[in-house]
Amino acid sequence: MEKTFLMVKPDGVKRNLIGEIVSRFEKKGYNLVGAKLMQISPELAQEHYGEHKERPFFGELVEFITSGPVFAMVWEGENVISTARFMMGATNPAEATPGTVRGDYAITVGENIIHGSDSPESAEREIGLFFKEEELV
Ligand code: DAT
Ligand code: MG
């Protein structure tokens, strides 16, 4: 069964949106197979966002994602990688459709509430970065 890595970012945790976000994926029918509230280290942040290291916003991105606790999750289900991306909405909340997480709860690209893996390769990589095998049920 397909798995993806989702994470409520520090802005979502500060705004008490963990329950709301978990609820959306539960109601959709996906299964939560791992979750933890954690503080991301600068090293893990740089590794996780490695594909963006040459981008001008990389420093801000690392600073933001380490600015407070995140809620890291692994979800399982049919087509969960692409459907979760659809449910998250566009990267830029200004372009995210209402009814999506970013469309409903965010305004700026710098603080867009949620992360989700964008492909089977990144899902595998990101799950491995954040979770040990024994932390998944
Ligand atoms: P996504 O999070 O939708 O996968 P991404 O992988 O392209 O988007 O970028 C990762 C994060 O980096 C994104 O959630 C917010 C930030 N980001 C992306 N583009 C940005 C930009 N032009 N300015 C500032 N932050 C940006
Ligand atoms: Mg991405």
Quiz item: Quick one: what pairs do we get from segment 80-93, first residue on the phi > 0 side of the Ramachandran plot, second near ligand 1 (Cβ under 7 Å from one of its atoms) and not in a helix (DSSP H, G or I), C-beta under 9 Å, 6+ apart or different chains?
Solution: Gly89/Asn112
Quiz item: Considering only residues of segment 97-129 that are open to solvent by less than 30 Å² (accessible area, probe 1.4 Å) and part of a helix (DSSP H, G or I), which is nearest to Ile18 (Cα to Cα)?
Solution: Val101
Self-check item: Filtered residue count, segment 35-87, keeping only those that are within 16 Å of ligand 2 (Cβ to nearest atom), within 21 Å of Phe131 (Cβ to Cβ) and either open to solvent by 90 Å² or more (accessible area, probe 1.4 Å) or in a loop (DSSP other than H, G, I, E, B) (or both)
Solution: 5
Practice problem: Of the conditions (1) open to solvent by 70 Å² or more (accessible area, probe 1.4 Å); (2) within 11 Å of Glu76 (Cβ to Cβ), Phe25 clears all except one; give me its number. | Solution: (1)
Quiz item: Can you tell me which residue in segment 66-86 is nearest to Met1 (Cα to Cα), limited to those that are in contact with a Phe, Trp or Tyr (Cβ under 7 Å, 6 or more places away or on another chain) and either within 14 Å of ligand 1 (Cβ to nearest atom) or not small (Gly, Ala, Ser) (or both)?
Solution: Glu76
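The values are calculated or read from the model by the stated rules, or taken from the named source; none is laboratory data. Computed from a predicted structure; not experimentally measured. Cβ atoms come from the backbone with ideal geometry, glycine included; neighbour counts cover every protein chain shown. Surface accessibility is based on the protein's heavy atoms, side chains included, excluding ligands, DNA and RNA. Shrake-Rupley method; radii C 1.70, N 1.55, O 1.52, S 1.80 Å.
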